[in-house]
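To start, the structure itself, in structure tokens.
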Ligand SMILES: Cc1cc2nc3c(=O)[nH]c(=O)nc-3n(C[C@H](O)[C@H](O)[C@H](O)COP(=O)(O)O)c2cc1C
């Protein structure tokens, strides 16, 4: 199930907001990724960007007038919302949102959407006061009720000088919502809990013990679950990776915080993947003041942290929840993973080597072996994104559907 726009047909409905020019870049990205892109514009949108820009980028004539398009026989007023894979409204003005909420069909954009049978994504973008007005909030709530996907705007400085929510999100974010629509919703109805990243165990206000985990594998797993239609919670230690609004992110720092957050949330999840590299030890005593450099040796006494995976193995309902752990090992990979599988009572352990530069901590690639009760399934050396895909393929093939009753 590769995530790609290749050979997909996307309709972009551009309405009259100041951010319309940004959507030209989105159309260009889609075309570069081999998508077929049709653009439909409102009259107001044409005040902000020329149809010629879009037709030049997409190689296809832009639809702007319902009656001209109909007369030319190129489309009917209802076909735009039927024959593509997805219809993306961006930027979506307060005005068009109000028209859609009221079921109006007064131009080709609103008519196509009212008659649509394909998934619709709406990206509101407007001044903060317009966005926060109760009328707009109510209209957006109605669109949600109608089944449209709403990508919430970003908060920041606006073209008019105001500050707040209302900015069009980046393509980096919106493209993930489109890719989710293009992906089979094999995990719809599931709640997936993923942990990622390292933890930090403080020695004093300046120093901590940590590890080299980048969080990339856990973030890739969370995104893959999102693409497959799951509701996803990502509990993450400190990383430099960007958050994504489609995934609930809970940030933690220490092993104890990771433990407490996981324990307060695991019950709502049907699939739990413990990808975080949680510290096994922490300093028994933390200094409230910065420890001074002295000639004498500085000895840190360590104590073990809570074993989160083992506790989940005891607490989870193994008939209704799938529990998956990661093992980052430097030797005896498979036997170590099997020991963990049994001792911690998991369904699966994904083990990878941390001594090869192309696998494990920090790398963009990984090579994991899935160790389970029936044996071991090696996955190829590939990107962490592809590894996440292959892991979910395995999970779906071997552990779903969960037992019920
Ligand atoms: C300079 C300028 C910028 C505007 N920017 C926005 C905007 O970002 N979002 C919005 O909802 N309306 C914006 N408007 C107002 C819309 O263009 C106006 O409501 C129009 O009727 C929208 O028509 P449409 O929804 O059919 O495209 C702007 C108007 C002007 C003059």
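Of the residues that sit in the stretch 150-189 and are within 18 Å of the chain's Cα centre (by Cα) and more than 20 Å from residue 3 (Cα to Cα), which one is surrounded by the fewest Cβ atoms within 10 Å (Cβ to Cβ)?
Here the residue is 189.
Considering each of 288, 230, 277 in turn, give the residue that is under 23 Å from the mean Cα position of the chain (by Cα) and over 26 Å from residue 359 (Cα atoms).
Going through 288, 230, 277 in turn, just one is under 23 Å from the mean Cα position of the chain (by Cα) and over 26 Å from residue 359 (Cα atoms): 230.
Hey, among 57, 52, which residue is assigned by TED's automatic domain parsing to the domain that holds residue 170, more than 29 Å from residue 140 (Cα to Cα), more than 15 Å from the ligand (Cβ to nearest atom) and surrounded by 18 or more Cβ atoms within 10 Å (Cβ to Cβ)?
Result of the check over 57, 52: 57.
When you look at residue 248, is it surrounded by fewer than 18 Cβ atoms within 10 Å (Cβ to Cβ) and over 22 Å from residue 322 (Cα atoms), yes or no?
Here the answer is no, as residue 248 does not meet what is asked.
Check whether at least one residue in the stretch 86-106 is away from the ligand (no atom under 13 Å from the Cβ), in contact (Cβ under 8 Å) with a residue 24 or more places away in the chain and more than 13 Å from residue 149 (Cβ to Cβ), and report yes or no.
No, the stretch 86-106 has no match at all.
Residues are listed down the side, and each one gets a yes or a no for (1) within 13 Å of the ligand (Cβ to nearest atom); (2) part of a helix (DSSP H, G or I); (3) in contact (Cβ under 8 Å) with a residue 24 or more places away in the chain; (4) in the same structural domain as residue 64 (by TED's automatic domain parsing):
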position: 110; (1), (2), (3), (4): yes, yes, no, yes
position: 123; (1), (2), (3), (4): yes, no, yes, yes
position: 137; (1), (2), (3), (4): no, yes, no, yes
position: 140; (1), (2), (3), (4): yes, yes, yes, yes
position: 152; (1), (2), (3), (4): no, no, yes, yes
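Run down 85, 106 and say which single residue is touching a helix residue (DSSP H, G or I) at 6+ places or on another chain (Cβ under 9 Å) and under 30 Å from residue 391 (Cβ atoms).
Details: 106 fails: under 30 Å from residue 391 (Cβ atoms).
None of the others qualify; the one that does is 85.
Provide a single number: the residues in the stretch 264-297 that are in a loop (DSSP other than H, G, I, E, B) and farther than 20 Å from residue 218 by Cβ.
Total satisfying the criteria: 14.
Check off (1) within 15 Å of the ligand (Cβ to nearest atom); (2) over 30 Å from residue 187 (Cβ atoms) for residue 13 and give me the number that stays unchecked.
Here residue 13 meets the rest and fails (2).
Name the single residue that is farthest from the ligand (Cβ to nearest atom) among those in the stretch 19-49 being in contact (Cβ under 8 Å) with a residue 60 or more places away in the chain and surrounded by fewer than 17 Cβ atoms within 10 Å (Cβ to Cβ).
Looking at the filtered set, the residue picked out is 29.
If I filter the stretch 243-261 for residues that are in a loop (DSSP other than H, G, I, E, B), outside the structural domain of residue 37 (by TED's automatic domain parsing), free of Cβ contacts under 8 Å to residues at least 40 places away in the same chain and in contact with a strand residue (DSSP E or B) (Cβ under 8 Å, 6 or more places away or on another chain), do I get at least one hit?
There is at least one residue in the stretch 243-261 that is in a loop (DSSP other than H, G, I, E, B), outside the structural domain of residue 37 (by TED's automatic domain parsing), free of Cβ contacts under 8 Å to residues at least 40 places away in the same chain and in contact with a strand residue (DSSP E or B) (Cβ under 8 Å, 6 or more places away or on another chain).
The values are calculated or read from the model by the stated rules, or taken from the named source; none is laboratory data. Worth saying up front: this structure is predicted, and the values here are computed from it rather than measured. Reconstructed Cβ throughout: ideal geometry from the backbone, glycine too, with neighbour counts over all protein chains shown.
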